[in-house]
1. I need the full set of residues from region 89-108 which are touching a strand residue (DSSP E or B) at 6+ places or on another chain (Cβ under 7 Å), modelled with pLDDT of 95 or more and exposed (fewer than 12 other Cβ atoms within 10 Å of the Cβ), in order please.
2. If you check S221 against the conditions, is it of a type in the set (G, A, S) and in the same structural domain as G66 (by TED's automatic domain parsing)?
3. If you go through region 78-87 one residue at a time, do you hit one that is under 23 Å from the mean Cα position of the chain (by Cα), assigned to a loop (DSSP other than H, G, I, E, B) and buried (at least 18 other Cβ atoms within 10 Å of the Cβ)?
4. In region 223-244, is there at least one residue being in a loop (DSSP other than H, G, I, E, B) and surrounded by 16 or more Cβ atoms within 10 Å (Cβ to Cβ)?
5. Got a number for residues in region 46-66 being in a helix (DSSP H, G or I) and crowded, with 20+ Cβ neighbours inside 10 Å?
6. Consider G33 carefully, then state whether it is under 25 Å from L232 (Cβ atoms), assigned to a helix (DSSP H, G or I) and at pLDDT below 90.
7. Taking only region 206-222 into account, find how many residues are crowded, with 22+ Cβ neighbours inside 10 Å and without any contact (Cβ under 8 Å) to a residue 12 or more places away in the chain.
8. In region 9-27, what count of residues is obtained for those that are crowded, with 17+ Cβ neighbours inside 10 Å and either of a type in the set (A, V, I, L, M, F, W, C) or under 21 Å from A238 (Cα atoms) (or both)?
Amino acid sequence: MKRVDKPHTPDGLVVVDKPSGFTSHDVVAKMRGIARTRRVGHAGTLDPMATGVLVIGVEKATRLLGHLALTEKEYRATIRLGQTTLTDDAEGEITASTGATGVELPAVEQGIAALTGDIQQVPSKVSAIKIDGKRSYARVREGEDFELPARPVTVSSFVLHADRPATAEDGTDVLDLDVTVVCSSGTYIRALARDLGAALGVGGHLTALRRTRVGPYGLDSGRTLEQHQESLEIMPIAEAAAAAFPRWDVDAEQARLLGNGVRIATAGLSPAAAATDGPIAVFAPDGRFLALIENRGGKAKSLAVFA
């Protein structure tokens, strides 16, 4: 990490441990003041209730964010069985209280197994997904009756760590499940809670959510907004790219051609870079991060040039 004590902000990533109650946009707005630049963005939205890893790009690193947003994510969560809410989490009003006294652990494990792997998931209606140009949550607020289409997501791991009987504020006997989930971009953890509860016939919603990893960036490299306010830590763009994407080191002539937009041959890729269908980080002989490319038909297709 590089400590920044002067007004100029270098290109790079900031890993924030987002507090509860903040939207992702709130964090971006705060970071603009801390980093003293308007050129700030985030990779992958977190709901206000959620805490944990939010990857922030500053200056040129904002051009990495769209690619970082597509990487795998990891979460710790608590699912409450026995109650359904409007938003599929604790932020929404309770729409049904069934109770979970009859739910057996083998049935829970079977339900979790059914939601693991490549699945079709209907996103939560109270979400930012657009339908004909209009946000889904706005349609809910206006009382519209509509359905969202299911879409493919991958839940690589869905593990139950503890189950705890509890009593909700309205007196309903519920069952709280502590879980971890590793999943693809676009997966709604609160939709997993909703669908698990529905499969068990008692309803379910999310009561706690903490994102512990986005791609290679975990809580171990995250700092609170207050800590960044005291001493902003930025991961230099070259270090960030090397951590997130397969690496390709080119010679001086290849670097010159890439910088001029020439689609050079990709012979000489490392095994990791040759095996990926996604972005590849290209580095010059002096270690400078040059570009993100894709390997298309043996040629380097530029996604973004940084030098």
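1. L105
2. Numbers: of a type in the set (G, A, S): yes; in the same structural domain as G66 (by TED's automatic domain parsing): yes.
Yes, satisfied.
3. Yes, that holds for at least one residue.
4. Looking only at region 223-244, we keep the residues that are in a loop (DSSP other than H, G, I, E, B), and these are 224, 231.
Those still in the list that are surrounded by 16 or more Cβ atoms within 10 Å (Cβ to Cβ) too: none.
No, that holds for no residue.
5. In the first step, residues of region 46-66 are kept if they are in a helix (DSSP H, G or I); the result is 59-66.
With the extra rule that they be crowded, with 20+ Cβ neighbours inside 10 Å, the set shrinks to 61, 64.
Final tally of qualifying residues: 2.
6. On the way: under 25 Å from L232 (Cβ atoms): yes; assigned to a helix (DSSP H, G or I): yes; at pLDDT below 90: no.
In short, no.
7. Total meeting the criteria: 0.
8. Filtering region 9-27 for residues crowded, with 17+ Cβ neighbours inside 10 Å gives 9, 11-18, 22, 24, 27.
From the residues that got through so far, the ones that are either of a type in the set (A, V, I, L, M, F, W, C) or under 21 Å from A238 (Cα atoms) (or both) too are 9, 11-16, 22, 27.
Selection size over region 9-27: 9.
The values are calculated or read from the model by the stated rules, or taken from the named source; none is laboratory data. These numbers were taken from a predicted model, which means no experiment stands behind them. Cβ coordinates were reconstructed from backbone atoms using ideal geometry, including for glycine residues, and neighbour counts include every protein chain displayed.
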